[in-house]
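A.B. asks: Below is one structure. I have some questions about it.
The values are calculated or read from the model by the stated rules, or taken from the named source; none is laboratory data. All of these numbers come straight from a predicted model, not from anything done at the bench. When we count neighbours, we look across all protein chains shown, and the Cβ atoms used for this are built from the backbone with ideal geometry, even at glycine. Quick note on the areas: whole protein, heavy atoms, side chains included, nothing else; ligands and nucleic acids left out. Shrake-Rupley method; radii C 1.70, N 1.55, O 1.52, S 1.80 Å.
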Amino acid sequence: AQDRQTNQLRYYHPVSAKSRQIHRSVCKTIGVGGGNGSSKTDSCLAELVIRATGQIPLSLQQDYPREKLRGPIACRIVVESLTTTLFPIILPKLDYRRWSGVDQAGGARGHWGWIPRDCLIGGEWDKSWKAHERILRLYYRNPDKWEDILGESTIQFMSYDQDSSDFASGDFHIVLHDEPPKEAIWVENMARTMRVDGTMLLAMTWPDDPTIAVDWMLDRLYYPAQPGPQHDPHIAWINLDTTENKNLNQTAVARVAGQMSASERSSRIFGQPITLSNRVH
């Protein structure tokens, strides 16, 4: 029991009030805008792992929608770069042996990798991770009877520097985009989730450079998620603040935020989009 408690995702997922909205939502498209270090990526990774393994953290046992758990699933995670993002940043967040946080390993401010050890093939990372294929295999365990393995889920990893045509195959129950994708990649992944009634996830910090094109994300995701006559009930948008991440040194966050401009703080700390800022000639 002690070994299982040490290695289970459910024992190590402190959930803030705002990130809890991600896990409660049953929308088919969920956008998470967050400041740098706001836990937007971690929260979305935790959500994907819950669905891929069937294991619900204790902090969410009372209110996690069970209809989102549908047995072994196929997942896709798209990152900015395989070399600078996937291997040094994303995979360590999933590996149960790796610690992320301000405090020393096991401290209050941080967490171990999100994937429970007993959901890895044979309980070993190296048996689950296929580097040449960039595919991670996981046991999907019965949410109500942990001893029952119902099958294997897979997580495929891709990057934005690939051509959009590379995304035009397969069916996926959940696709997570880490940082803003190109619209063509987003559309291809929408088609991949369509046939299995899957979920599209986006975790991003809005760029503070108004010349970077984000119009398509505003039109497809942000505005339809806002309250009003044009609200789409199938789309949710959640903002996470860097100031609310308890795993950070908030004294340092406050010091650096004080050196930013108002527009930089809006996007990099509070996860707000900078809109209507382009020049009109």
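A.B. asks: State which residue is modelled with the highest pLDDT when the search covers only segment 259-281 and only residues that are open to solvent by less than 60 Å² (accessible area, probe 1.4 Å) and out of contact with any helix residue (DSSP H, G or I) (no Cβ under 8 Å at 6 or more places or on another chain). Before the answer, list the steps.
C.D. replies: To start, the set of residues in segment 259-281 that are open to solvent by less than 60 Å² (accessible area, probe 1.4 Å) comprises 260-261, 263, 266-267, 269, 271, 273-275, 277.
Imposing the further condition that a residue be out of contact with any helix residue (DSSP H, G or I) (no Cβ under 8 Å at 6 or more places or on another chain) reduces the set to 261, 263, 266-267.
Numbers: 261: 82, 263: 71, 266: 72, 267: 72.
Here the residue is 261.
A.B. asks: Quick one: what pairs do we get from segment 136-148, first residue over 16 Å from residue 94 (Cβ atoms) and open to solvent by 30 Å² or more (accessible area, probe 1.4 Å), second among the hydrophobic types (A, V, I, L, M, F, W, C) and in a strand (DSSP E or B), C-beta under 8 Å, 6+ apart or different chains?
C.D. replies: Within 8 Å, the pairs are 142/149; 142/150.
A.B. asks: Quick test for you: out of 193, 205, pick the one residue that is over 20 Å from residue 28 (Cβ atoms) and in contact with a strand residue (DSSP E or B) (Cβ under 7 Å, 6 or more places away or on another chain). Talk me through it step by step, then tell me what you get.
C.D. replies: On the way: 193 fails: over 20 Å from residue 28 (Cβ atoms).
Answer to the selection: 205.
A.B. asks: Would you be able to tell me the number of residues in segment 65-79 that are touching a helix residue (DSSP H, G or I) at 6+ places or on another chain (Cβ under 6 Å) and under 24 Å from residue 245 (Cα atoms)?
C.D. replies: Number of matching residues: 1.
A.B. asks: Only one of 126, 171 is more than 27 Å from residue 205 (Cβ to Cβ), open to solvent by 50 Å² or more (accessible area, probe 1.4 Å), part of a helix (DSSP H, G or I) and among the charged types (D, E, K, R); which? Let's see the steps before the verdict.
C.D. replies: Numbers: 171 fails: part of a helix (DSSP H, G or I).
That would be 126, the only listed residue that is more than 27 Å from residue 205 (Cβ to Cβ), open to solvent by 50 Å² or more (accessible area, probe 1.4 Å), part of a helix (DSSP H, G or I) and among the charged types (D, E, K, R).
A.B. asks: Could you look through segment 149-166, keep only residues that are of a type in the set (Gly, Ala, Ser) and assigned to a helix (DSSP H, G or I), and pick out the one that is most open to solvent (accessible area, probe 1.4 Å)? Break it down stepwise before answering.
C.D. replies: First, the residues of segment 149-166 that are of a type in the set (Gly, Ala, Ser): 151, 153, 159, 164-165.
Within this subset, residues satisfying the condition of being assigned to a helix (DSSP H, G or I) are 164-165.
Details: 164: 38, 165: 75 Å².
Going through the qualifying residues, I end up with 165.
A.B. asks: Quick check on residue 206: is it closer than 22 Å to residue 79 by Cβ, buried (at least 20 other Cβ atoms within 10 Å of the Cβ) and touching a residue at least 40 places away in the same chain (Cβ under 8 Å)? Talk me through it step by step, then tell me what you get.
C.D. replies: Numbers: closer than 22 Å to residue 79 by Cβ: yes; buried (at least 20 other Cβ atoms within 10 Å of the Cβ): yes; touching a residue at least 40 places away in the same chain (Cβ under 8 Å): yes.
Yes, satisfied.
A.B. asks: Of the conditions (1) touching a residue at least 60 places away in the same chain (Cβ under 8 Å); (2) out of contact with any Leu (no Cβ under 7 Å at 6 or more places or on another chain), residue 201 clears all except one; give me its number.
C.D. replies: Going through (1) touching a residue at least 60 places away in the same chain (Cβ under 8 Å); (2) out of contact with any Leu (no Cβ under 7 Å at 6 or more places or on another chain) one by one, residue 201 breaks only (2).
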